[in-house]
Amino acid sequence: MKAAVDTIAAGGMSARDTILLRVREALRLPAPMPHFKSLVPSGGSDIPSPHAGGSSSAGHAGLAILPLDVARPWLPDGGDTPESQLAILANNLEKLRAQMHRVADLSAAADFVLSLARTRDWHRVAYHGHALVEPLLAGVPCATYRVDGADAFDKSALEHCDAGITACDAIVAQTGSILVSSATSGGRALSILPHVHIVVATLDQIVSTLGDALHAAKHRGAGRMPSMLSFITGPSRTGDIERILVLGAHGPKELILILVG
Amino acid sequence: MIAQDAQSPQWAKKKFLHDAKVHVQDTGHRTFVQKALGGYFLSRDAQKARYRDWEQARDAASLAKWSAVNRLDELLPLFVANFEANGGQVHWARDAEEARRIILDLVREAKAKAIIKSKCMTSEEIHLNAALEKDGYGVIESDLGEFIQQLRGEPPYHFVFPCMHVRREEISELFGKFLGTPPTNSPEELTMIARRHMRQLYVDADVGITGANFLVAETGQISITENEGNARLTAALPRVHISLSGIEKVVEHLDDLAVLLPMLATAGAGQQMTCYNTLYSGPRRDGECDGPDEMHLVLLDNSRTAILADPEQRDSLHCIRCGACLNVCPIFKNVGGFTYGTTYQGPIGSVITPHLRGLSDWNHLSAASSLCGACSDVCPVRIDIHHHLLHNRRNAARTVPNRWEKFGHQIFVIVASRPWLFAAGGAIFRHTLGMLKRLPVPLLRDWLATRALPAAPRKSFRQQWRQAGKDSL
Amino acid sequence: MKISLFIPCFVDQMTPQVGVAVAQVLERLGHACEFRSGQTCCGQPSFNAGYWDEAREVAIRAIGVFDGAEAVVGPSGSCVAMMRVFYPELLKDTPHETAALDLAARTFEFGEFLVKKLGVTDVGARFPHRVTYHDGCHGLRELRVKDEPRQLLRAVRDLELVECDEAESCCGFGGLFSVKFPMISTAMAEVKGGSLARTQCDYIVSSDPTCQLQLDGWLQRNWRSPTGTIPRTIHLAEVLAGAPL
């Protein structure tokens, strides 16, 4: 088969057409379904047969029992009430060594940022234009840098900032992930380059599962998604040296979530 | 690689046997690697326990990949159309040579002075760094493990944990030599040395090269999974972003990632989620303050369609490169990553390498397995890994048989088809075993070199059964 | 129930006492056993080496030997896996496929047969020793037999069952692998054998005589025990027959 395709390709066919032709030719023969556990009869036969359900070749016989957009009751639990979601989130963030601070309102959030800037002796803090973010910069006793301001983005200026403050798209209880995007979190670099990343969010931004967050992002984007969407799960880390966990490999060493409400 | 391929026949096998022997004798190294994986097993089990049903999650992950790979003819063009609509540019590469040429052209057009790269096994597969360096481009591996391996002048030891075999003392020495830093035994300090070294490099680089973990057909996004943030920086700061991906990485729905991303993290590194899972759909958009001006995606075949054309082993294209099969593989743990001599080590590497680089030269990897099946048990996308090792062995016996081996098995059939001959042969074997043990009989000698062999019983089971008067038929 | 003994070639020639023990246990439970002397080897050596045409001839013959047997029971997870899992694959799309699937449904590993088919966990044995159980990989992963041998052992009088920390690791036998790649095979025996021996057990119980060959072979030659004793392997059937070596 490959030889035949390559003969055609030698006649000036583009790489794209060659590869797509190879793919079409390759798929002429159907592949067996994987040995799904869910397809192996349980209880009916006392000895599991490795051949049960393994030979269906055409079609999507397994789809009926494994619909793609269900609640996925087999994944880690994300909680089904705001209270349970918050509890799961808090537990996950703690294990991930991210910090979570709950505040009543934006003015309390601003106080918290102010105290951080003071105690850590920050010289410059980066942020972006956002209704949740800007009020937090009001009283900081240091220079600020707005990444999406009137001047063109300056990556060296951002590199010199001690912290970056962003909003986010959603917070996923199930995994303790914070979804940021180039549209709602000040572009791509603000949430990754400074040593400390502060995220400010409201309680109603918490969703149960990754699926919920992806679903919402898809609909918010409505056919035109931001050029970057990123699930941030804890501060940057590496285990490359003797598989020992170290925080702050290249991205932020600290991830601080301020939950308003 | 090309030079090596031209060497004497069976060079790869000879090298494997030689390196395996050297490696298994290095008890210190084996213990070190084993110990380094200890923490992985603990955290993997803890994370797996958070799944309400891990086996069902495996079904779903497997199904997502199965249905995408088996509709690649439809989903690959759909992905490309959506990716291009998002402003990205797609380049198709039939093989490694074509992929290298495409990337070199892009780098040249970008007038690149500095290139920063995040971890990408596909780039190892096509030996990209060597090609870039040959043309005079400096390229920095930003992933800590890859950076260490780059300084050491070695390929990755493990395709997820590239320098898991290196001791901290060696890293300290390495950094001292190349970066002029004072010695330290702290993994934390060593990591910070790399962090400080790299920061200006991100800012200075004009081209960033990344891989891709998933290509989402319905939205035209590429998904990149990483822990350190280096891929995020690589795709944020340079003016041009080039991503290199195999064509098999397509999934149909964005929603599939809700299963695949946590499974990849749990199976691969014992995490609930890898630290950064990022979706890119093209370059910076109007209204966005930063990001590259251009985004290019190089889609690589390089024999993937040959695997696709084999329905029996097509599921090996489901692989999400989590590395779980390496971590449980007794062969990998005893011979180490370099012994394989392949880009993809461990069980999955032994399955796919013969397809990528030729069955006659690489079937020994399939033979070097006790077929224990630990790999298939942990595969989050249910690839039938250890059975595919059997399939490779069968294909090799058909297409490139060893004449003596085949003769041996033909004799075996003659004996096994005749109970009287089997019984007689067995009796001769049992009665001469004591003597044979003292002679240099091939195979038997290999056993006796490290292991004892019990004395044979005087009577076989069938003799005892007959003498007890219980024979039937 | 009339049980047809499946005595693998290795058991027949090298460890006949295992076959005898299987028959003793089954007969003690009131079942008649037969041994069809036409049987030889299941063909696994050729199958695993990739010589499937050769293995197929042997498999077709073996299917004929066990034709009509109500239950085929063998004391080796590996050889039973060959019949139950791999014969149907080997004979797929041949005229023998149906017969292969039929035999697969009637073939059982010894411990599995007692627990799942006969519903027996206590066979009335006594074995006053500290033991650990070694899972053969084919039994564990092809047949999914893990709890059954342990249930049987826990019911044995005066037996103490302990687990090793490498319980699911391979012993490194792998048939011809053990002599084609002796250095890797030996390193694996070192990992598994060492882990088993460190439980300070008297016996390592197994359901695979060839794993026993590998583990005994390595331990007898290499194990340096602080107490001076080297554990020996023993087949599950021998423990259940109440007759230590």
Discussion item. With open to solvent by 10 Å² or more (accessible area, probe 1.4 Å) and at the interface with chain A (Cβ under 10 Å from one of its Cβ atoms) as the only criterion, which of B:282, B:287 stands out?
Written reply: B:287
Worksheet item: Among the residues of segment C:153-172, is any under 17 Å from residue B:450 (Cα atoms) and outside any helix (DSSP H, G or I)?
Response: yes
Fill in: Residue in segment B:159-187 that is most open to solvent (accessible area, probe 1.4 Å), counting only those that are touching a Gly at 6+ places or on another chain (Cβ under 9 Å) and in contact (Cβ under 8 Å) with a residue 60 or more places away in the chain
B:160
Response to the item:
The correct count of residues that are assigned to a loop (DSSP other than H, G, I, E, B) and small (Gly, Ala, Ser) in segment A:155-171 is 1
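Filter segment A:129-148 for residues that are assigned to a loop (DSSP other than H, G, I, E, B), within 14 Å of chain B (Cβ to nearest Cβ) and surrounded by fewer than 20 Cβ atoms within 10 Å (Cβ to Cβ) and give the result.
A:129, A:130, A:148 - these are the residues of segment A:129-148 that are assigned to a loop (DSSP other than H, G, I, E, B), within 14 Å of chain B (Cβ to nearest Cβ) and surrounded by fewer than 20 Cβ atoms within 10 Å (Cβ to Cβ).
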Discussion item. Take residue C:187 and tell me if it is without any contact (Cβ under 8 Å) to a residue 24 or more places away in the chain and hydrophobic (A, V, I, L, M, F, W, C).
Written reply: yes
Practice prompt. Taking residue C:192 as the residue in question, decide whether it is in contact with a helix residue (DSSP H, G or I) (Cβ under 9 Å, 6 or more places away or on another chain), basic (Lys, Arg) and in contact (Cβ under 8 Å) with a residue 12 or more places away in the chain.
Written response: yes
Worksheet, complete the sentence: In the set B:189, B:146, the lone residue that is under 30 Å from residue B:282 (Cα atoms) and outside any loop (DSSP other than H, G, I, E, B) is B:146
Discussion item. Checking residue C:238 against (1) under 20 Å from residue C:11 (Cα atoms); (2) surrounded by fewer than 23 Cβ atoms within 10 Å (Cβ to Cβ); (3) among the acidic types (Asp, Glu): exactly one of these is not met. Which one?
Written reply: (2)
Worksheet item: Is there a residue in segment A:193-215 that is open to solvent by less than 10 Å² (accessible area, probe 1.4 Å), assigned to a loop (DSSP other than H, G, I, E, B) and out of contact with any Cys (no Cβ under 9 Å at 6 or more places or on another chain)?
Response: no
Fill in: Matching entry among A:102, A:120, A:124, A:28 (being within 14 Å of chain B (Cβ to nearest Cβ) and at pLDDT 50 or above)
A:28
Worksheet item: Which of the residues spanning segment B:79-108 are hydrophobic (A, V, I, L, M, F, W, C) and crowded, with 19+ Cβ neighbours inside 10 Å?
Response: B:79, B:80, B:83, B:92, B:93, B:96, B:99, B:102, B:103, B:106, B:107
Practice prompt. Name every residue in segment B:268-327 that is within 20 Å of the chain's Cα centre (by Cα) and polar (S, T, N, Q), in order of residue number.
Written response: B:271, B:274, B:302, B:303, B:305, B:313, B:316, B:327
Response to the item:
Of the residues in segment B:6-32, those that are under 22 Å from the mean Cα position of the chain (by Cα) and either at the interface with chain A (Cβ under 10 Å from one of its Cβ atoms) or loosely packed, with under 12 Cβ neighbours inside 10 Å (or both) come to B:18, B:31, B:32
Worksheet entry | Residue count, segment C:15-30 (criterion: crowded, with 24+ Cβ neighbours inside 10 Å and either under 16 Å from residue C:211 (Cα atoms) or at the interface with chain B (Cβ under 7 Å from one of its Cβ atoms) (or both)) | 3
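Search segment C:34-57 for residues being more than 7 Å from every other protein chain (Cβ to nearest Cβ) and in a helix (DSSP H, G or I), and hand back the single one that is nearest to the chain's Cα centre (by Cα).
Out of the qualifying residues, it is C:44.
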Practice prompt. Kindly indicate whether any position in segment A:173-180 is under 17 Å from residue B:283 (Cα atoms) and within 15 Å of the chain's Cα centre (by Cα).
Written response: yes
Practice prompt. Find the helices (runs of 4 or more DSSP H) located wholly in segment B:387-473 whose residues include 1 or more that are in contact with an Asp or Glu (Cβ under 8 Å, 6 or more places away or on another chain) and either open to solvent by 30 Å² or more (accessible area, probe 1.4 Å) or of a type in the set (Asp, Glu) (or both), and list them.
Written response: B:403-416
Response to the item:
Considering residues that are part of a loop (DSSP other than H, G, I, E, B) and buried (at least 16 other Cβ atoms within 10 Å of the Cβ), the number found within segment A:84-128 is 4
Discussion item. Would you confirm, using the coordinates I've provided, whether residue B:215 is in contact with a Lys or Arg (Cβ under 6 Å, 6 or more places away or on another chain), in a strand (DSSP E or B) and in the same structural domain as residue B:271 (by TED's automatic domain parsing)?
Written reply: yes
Discussion item. Can you tell me how many residues within segment C:205-230 are over 13 Å from the mean Cα position of the chain (by Cα) and either in contact (Cβ under 8 Å) with a residue 60 or more places away in the chain or part of a strand (DSSP E or B) (or both)?
Written reply: 1
Fill in: Matching residues, segment C:146-184, being at the interface with chain B (Cβ under 9 Å from one of its Cβ atoms) and under 19 Å from the mean Cα position of the chain (by Cα)
C:168, C:169, C:170, C:171, C:172, C:173, C:174, C:175, C:176, C:177, C:178
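The values are calculated or read from the model by the stated rules, or taken from the named source; none is laboratory data. Quantities reported herein were computed from a predicted structural model and do not represent experimental measurements. With ideal geometry, Cβ positions are generated from the backbone for all residues, glycine too; neighbour counts draw on all protein chains shown. The area values use the complete protein model at the heavy-atom level, side chains included, leaving out ligands, DNA and RNA. Shrake-Rupley method; radii C 1.70, N 1.55, O 1.52, S 1.80 Å.
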